[in-house]
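Below is one structure, written out as structure tokens; the observations come after it.
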Amino acid sequence: MAIKVLKPGLATTVQDLGRPGYYNIGIPLSGGMDRLATRAANMLVGNDEGAAVLEAVFMGPELEFTADATVAVTGADLPPKLDGAARETWTSFSVKKGQVLSFEFLKKGARAYIAVSGGIDVPVVLGSRSTYALGALGGFKGRKLEAGDELPVGHGKGAKDGRSVPANLRRAPGNPAELRMVPGLYWHRITEEAGKHFFADTWKVAPEADRIGYRFKGGRPLDFVPRQQPFGAGSDPSNIVDACYPYGSIQVPGGTEPIVLHRDAVSGGGYFMVGTVISADMDLIGQLQPHTQARFVGVDLDTALKARHEREGVIEKIRAALS
Amino acid sequence: MPHELLSPLPGTFYRRPAPDKPLYKNEGDEVAVGDVIGLIEVMKSFNEVKAEVAGKIVKFLADNEEPVMAGQALVEIA
């Protein structure tokens, strides 16, 4: 069985739960930016939660199926259509051989996850089928989809039509989105005043935000505590001696526009980081459209771990609801 | 009933190919199917927005450099 790509969308890629274990040698995590939506899409169609799905950003692809399958679309409110007839998001539906899946305009959120029973069966590279487009690694030929591509699909048992993730277990960012973060090792580099307005200001997602990093604009620039730059650090006060960049870390080059590193990020460099967005809120970033508002909320590590535990609880509830 | 051309993407709308270039189209201009009327910038890429019907541009409904949502009307063609 295969899926023929009639129209690719803007930047549709094959993603699973990622490629952990190689960040220390510069190969990022990759995988779906909204992990809950990735897992839920797979659960709805009877796949393992870590099967490969399609991540469509801002705009849906147009896909023709060469065999019957079960399909589900989760994440963003990107309404699916089957041969032109509306289908629900977050709900399984069956597709017959020869039918075409397309999408309406994006209504809410940013990234939709399209799961197909059997999973997208591209080769596993370093333990994952995820696409890392910048490094031309994994996924379908290491790149976003193009018209004319034929995606191999594995064998799946499928699932019944109309299975749905209860609405209270879905999650979408508020307006402004609240992104909780733990202040980091370099927090002392900015003035107390700068630290206050970093949290007080409302930021806006920059149009260039992508899988590598989400850039935010519109808050006041951060002032730095004066110092003589140490040997090995660049001359700008936002420079540090090269360090590791965690997934979720917030760098602020020049003190002006915070960038939250996401699934396809570089693993290190010479910009100071104010802190790290907690793992429980990273899914929300994947659903932010350009020009939408966000605020950073400082929390401690205990709160971050508790929030992570709560997110795991929600996934457990989705499993129970669909079992 | 005039036709409204909708933005396929969220992002920033531009009415010219580059800051020092003339506008793609002005109000009152004739357009053919496939004519570029503007760009949407998102994720470091500039995506052309093309007319889906032929006619005359009645009015631009989004300004140059305006943030737009997917499905938002950009221009009215009659």
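The values are calculated or read from the model by the stated rules, or taken from the named source; none is laboratory data. Keep in mind it's a predicted model, so treat the numbers as computed, not measured. Don't worry about glycine lacking a Cβ; one is built from the backbone with ideal geometry, like all the others, and counts go over all protein chains shown. Only protein heavy atoms, including side chains, enter the accessible area calculation; ligands, DNA and RNA are left aside. Shrake-Rupley method; radii C 1.70, N 1.55, O 1.52, S 1.80 Å.
General remarks:
- Total lysine pairs under 22 Å (Cα atoms) in the range A:2-169, excluding pairs fewer than 8 apart on one chain: 23
- Solvent-accessible heavy-atom area per residue, rounded to whole Å², over chain B at 1.4 Å: 51
- Among the residues of B:10-23, the average count of other protein chain beta-carbon atoms within 10 Å of the residue beta-carbon is 2.
- B:V33 versus A:A307: modelled label distance in nm, points set 7 Å from Cα along the beta carbon direction: 5.0
- Relative contact order (%) - chain A, alpha-carbon pairs under 8 angstrom, separation at least six: 20
- A dipole drawn for the range A:2-169 from +1 and -1 charges on Cβ atoms has a positive end, and of A:F93, A:L36, A:T12 the residue lying farthest that way is A:L36.
- Calculated accessible area for chain A comes out at 41 Å² per residue, all protein chains present (probe 1.4 Å; ligands, DNA, RNA ignored).
- Chains B and A together, accessible area buried on both sides, 1.4 angstrom probe, square angstrom: 1300
- Cross-link reach list, lysines versus A:K196, counting only Cα pairs under 21 Å and skipping chain neighbours closer than eight places: A:K204, A:K217
- Element breakdown for chain B at a 1.4 angstrom probe: carbon and sulfur atoms account for 51% of the accessible area.
- Spatially near lysine pairs across the range B:3-77, Cα under 20 Å, sequence gap of 8 or more or different chains: 6
- Based on C-alpha pairs under 8 angstrom that are at least 6 apart in sequence, chain B has a relative contact order of 43 percent.
- Both radii are taken from the alpha-carbon atoms of the range A:69-147; with Rh as the Kirkwood radius, Rg/Rh is 1.00.
- The range A:176-257: chymotrypsin sites (Phe, Trp or Tyr not before Pro) falling in loop per DSSP and having at most 15 other Cβ within 10 Å: A:F231
- Remark: the A:Y22-A:N175 segment gains 51.6 nm on full extension, using 0.36 nm per residue and subtracting the alpha carbon distance.
- Accessible surface of the range A:148-192 [probe 1.4 Å, protein heavy atoms]: carbon and sulfur percent: 52
- The protein assembly as shown, helix-only ellipticity at 222 nm - DSSP H runs n ≥ 4, -39,500 (n - 2.57), divided by all residues, nearest 500: -3500 deg cm²/dmol
- Cleavage-rule hits, trypsin sites (Lys or Arg not before Pro), the range A:75-141, DSSP coil, Cβ neighbours within 10 Å at most 15: A:K96, A:K97, A:K107, A:K141
- When +1 charges are put on Lys and Arg Cβ atoms and -1 charges on Asp and Glu Cβ atoms, the dipole computed for the range A:54-114 relative to its Cα centre reaches about 100 debye.
- Neighbourhood charge, 12 Å Cβ-Cβ cut-off, centred on B:I77 and excluding it, Lys, Arg +1 and Asp, Glu -1: -3
- 10 Å Cβ neighbours from other chains, averaged over peptide B:65-71: 5
- Sorting A:10-18, A:146-154, B:54-62 by average packing, meaning the other beta carbons within 10 Å per residue, from highest down gives A:10-18, B:54-62, A:146-154.
- About the centre of its Cα atoms, chain A shows a dipole size close to 400 debye [charges on the beta carbon of Lys, Arg (+1) and Asp, Glu (-1) only; nearest 20 debye].
- Proximal charge balance of B:A32 [Cβ under 12 Å; K/R count +1, D/E count -1]: -1
- Over the range A:177-312, relative contact order from alpha-carbon pairs under 8 Å, at least 6 apart, %: 36
- Within 10 Å of the Cβ of each residue in B:40-47, the mean number of Cβ atoms contributed by other protein chains is 6.
- Looking at chain A alone, DSSP beta bridges between its own residues are antiparallel in about 90 percent of cases.
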